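Engineer: Here you go, one structure.
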Amino acid sequence: MNARSPIGMLDSGAGGISVLKQAVSLMPREHYIFYGDQLNAPYGTKSKEEVLALVRSAVRLLLASDIKALVLACNTATAKAAKELRAELSIPVIGMEPALKPASALYRGGAILVMATPGTLSSEKYSLLSSQWGEHAVSVPCPGLMEFVERGDFSSPALHDYLQTLFSTWQARQVDAIVLGCTHYVFLKEAVRRFFPAVPVLDGNEGTVLQLRRVLAARNLLCPETQSGTVRILSSGSEEHLAVLRQLYELPFPEQDA
Ligand code: DGL
C-alpha cells in the first residue's frame, strides 16, 4: 500500500455514492473503489452484530485491492462498526456522523430535526454525539426511506406521502435545521426542501471528505499531483443494483445549505 493505492468506500448501497461524488470533486486525482452492499441492504434496521459482520466481509473485499484508507460512507455502518474496524485495521478508517454540531449553531428557539436510520439513532455513538450537540435535536427515524433511493425514486406520490406523514407534526412548528443523518437521504434533499423551503438542510458529506483529506495528508498518503483519478463501482447485488449506483454517480445532486 502506498500513496498511489486506491481509497476504499462502502455503504449498504446507493447513499455512499453521494460521498463518493463529494470526494471526487474535492480530490479528483485519487483512485476510488466503491462497494455497495445492496444484496444485504438495508443496514439501518439490522442489529449491531449483523451490521458488523456484513461490514467486515465488505472490508475484506476492499482490502484485497490494497486500499490506503477506508471510508464508511454510511452513518449506520459507522455507528455500528467503526470502533471495531479501527481496532482491527492498520489503515485509517474514516466514518460519518449526523451533522449535529453545525446544525446546533443554527438553533433559534425551534427544533433541529435529525433524519436517520433507526440503527443510527438508537446507537451508543449517536447518544454520545447528541449529549454534546443535540440539546434541541429531535430524532426522526426513517425506516423504509432509503429504499426509495435504491429504486431511483426521488419524486413519486408515494415518496411525497411518506414524507408528509413523517413531517406532519412539524410543518406547523418552528424548525431551525434539518440534518440528513443517512447518506441515502442526500439524494432526497430536494424532496425534503419542498416541505420546509426556508429551512437549511445539512449533511455530513463535505466534513467527511475534508477529514479524509486531512488524514491522508498527515500520513503522506495523498496521491501524486500528476496522477489521473479513476473510479470503480462494485455491488454485492445484481446487474440492476449496479446500474442504480452508476446512474446515481452520473446524476447532479443538490449543494449543501449554508
Ligand atoms: N446509507 C446508510 C446510512 O448512512 C444506511 C442505509 C441503510 O442501509 O439503512 O446510514
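Engineer: Sequence-distant or interchain residues sharing an amide H contact under 5 Å with Val138, placed H: which?
Structural biologist: Result for Val138 returns Ile112, Leu113, Val114.
Engineer: Next question, about the same structure. Give me a comma-separated list of calculated 3J(HN,Hα) values for the stretch 98-105, in order, Karplus coefficients 6.51, -1.76, 1.60 applied at θ = phi - 60°, integers in Hz, x for any Gly or Pro.
Structural biologist: x, 6, 5, 5, x, 5, 5, 6
Engineer: Right, something else. Could you state the number of Å between the C-alpha centres of the stretch 143-192 and the stretch 20-59?
Structural biologist: Going from one Cα centre to the other spans 21 Å.
Engineer: At a 1.4 Å probe, what is the % contribution of carbon and sulfur to the accessible area of the stretch 1-136?
Structural biologist: Ligands and nucleic acids excluded, carbon and sulfur reach 52 percent.
Engineer: In the Gaussian network model of the chain, springs joining C-alpha atoms below 10 Å, which of Gly44, Gly36, Gly207 carries the largest mean-square fluctuation?
Structural biologist: Gly207
Engineer: Let me check something: with ligands and nucleic acids excluded, how do His241, His160, His184 order by accessible area (1.4 Å probe), largest to smallest?
Structural biologist: Ranking His241, His160, His184 by accessible area, largest first, yields His160, His241, His184.
Engineer: Turning to a different aspect of this structure: Are there trypsin sites (Lys or Arg not before Pro) in the stretch 82-111 that DSSP puts in a loop and that have at most 12 other Cβ atoms within 10 Å, and which ones?
Structural biologist: Within the stretch 82-111, the qualifying trypsin sites (Lys or Arg not before Pro) (loop, at most 12 other Cβ atoms within 10 Å) are Arg108.
Engineer: A further question follows. Please state the shape class of the stretch 162-246: rounded when a/c is under 1.5, otherwise prolate if a/b exceeds b/c and oblate if not, all from the C-alpha gyration tensor.
Structural biologist: oblate
Engineer: Another question, if that's okay. Cys182: net charge of surrounding residues, Cβ under 10 Å, Lys/Arg +1, Asp/Glu -1, itself excluded?
Structural biologist: Here the charged neighbours net out to -2.
Engineer: Hey, got a sec? Which GluC sites (Glu not before Pro) in the stretch 157-252 land in a DSSP loop and have at most 10 other Cβ atoms within 10 Å?
Structural biologist: Filter output for the stretch 157-252: Glu225.
Engineer: Quick check: from the Cα gyration tensor, does the stretch 65-180 come out rounded (a/c under 1.5), prolate or oblate?
Structural biologist: Judged from the Cα gyration tensor, the stretch 65-180 comes out oblate (a/c at least 1.5, b/c at or above a/b).
Engineer: May I pose another question? Probe of 1.4 angstrom, ligands and nucleic acids ignored: what's the accessible area per residue over the stretch 119-235, in square angstrom? The partial results should precede the final answer.
Structural biologist: Values: 5740 Å² over 117 residues.
Counting only protein heavy atoms, the per-residue value for the stretch 119-235 is 49 Å².
Engineer: Restricting things to alpha carbons, tell me how big the chain is in terms of Rg and Dmax, in Å.
Structural biologist: Every Cα atom of the chain included, Rg and Dmax give 17.5, 54 Å.
Engineer: OK, next. Counting each DSSP H run of 4 or more residues in the chain as -39500 (n - 2.57), what helix-only mean residue ellipticity at 222 nm follows after dividing by all residues, to the nearest 500 deg cm²/dmol? Please list the in-between numbers first.
Structural biologist: Numbers: 11 runs with 109 residues, N = 258.
Dividing the helical sum by the residues of the chain leaves -12500 deg cm²/dmol.
Engineer: Next question. Which ³J(HN,Hα) values, rounded to whole Hz and listed in residue order, are derived for the stretch 147-162 from phi using the Karplus coefficients 6.51, -1.76 and 1.60 in 6.51 cos²θ - 1.76 cosθ + 1.60 with θ = phi - 60°, glycine and proline given as x?
Structural biologist: Taking θ as phi minus 60°, the curve returns 4, 4, 5, 4, 8, x, 9, 10, 7, 6, x, 5, 5, 4, 4, 4 Hz for the stretch 147-162.
Engineer: Compare Pro98, Pro143, Pro224 in a GNM of the chain, Cα atoms joined below 10 Å, and give the one with the largest fluctuation.
Structural biologist: Pro224
Engineer: A further question follows. So what J values fall out for the stretch 16-21 if you push phi through Karplus, 6.51 cos²θ - 1.76 cosθ + 1.60 with θ = phi - 60°, rounded to Hz, Gly and Pro as x?
Structural biologist: x, 4, 5, 6, 4, 4
Engineer: Using a Gaussian network model of the chain with C-alpha springs under 10 Å, which one of Ile91, Ile112, Ile178 is most mobile by mean-square fluctuation?
Structural biologist: Ile91
Engineer: Got a sec? Charge dipole of the chain, +1 on Cβ for Lys and Arg, -1 for Asp and Glu; which of Leu202, Met146, Gly229 is way out at the positive end?
Structural biologist: Of the candidates, Gly229 comes out farthest on the positive side.
The values are calculated or read from the model by the stated rules, or taken from the named source; none is laboratory data. Remember, predicted model here, so these are calculated numbers, not experimental data. Backbone-built Cβ (ideal geometry, glycine too); neighbour counts: all protein chains shown. Quick note on the areas: whole protein, heavy atoms, side chains included, nothing else; ligands and nucleic acids left out. Shrake-Rupley method; radii C 1.70, N 1.55, O 1.52, S 1.80 Å.
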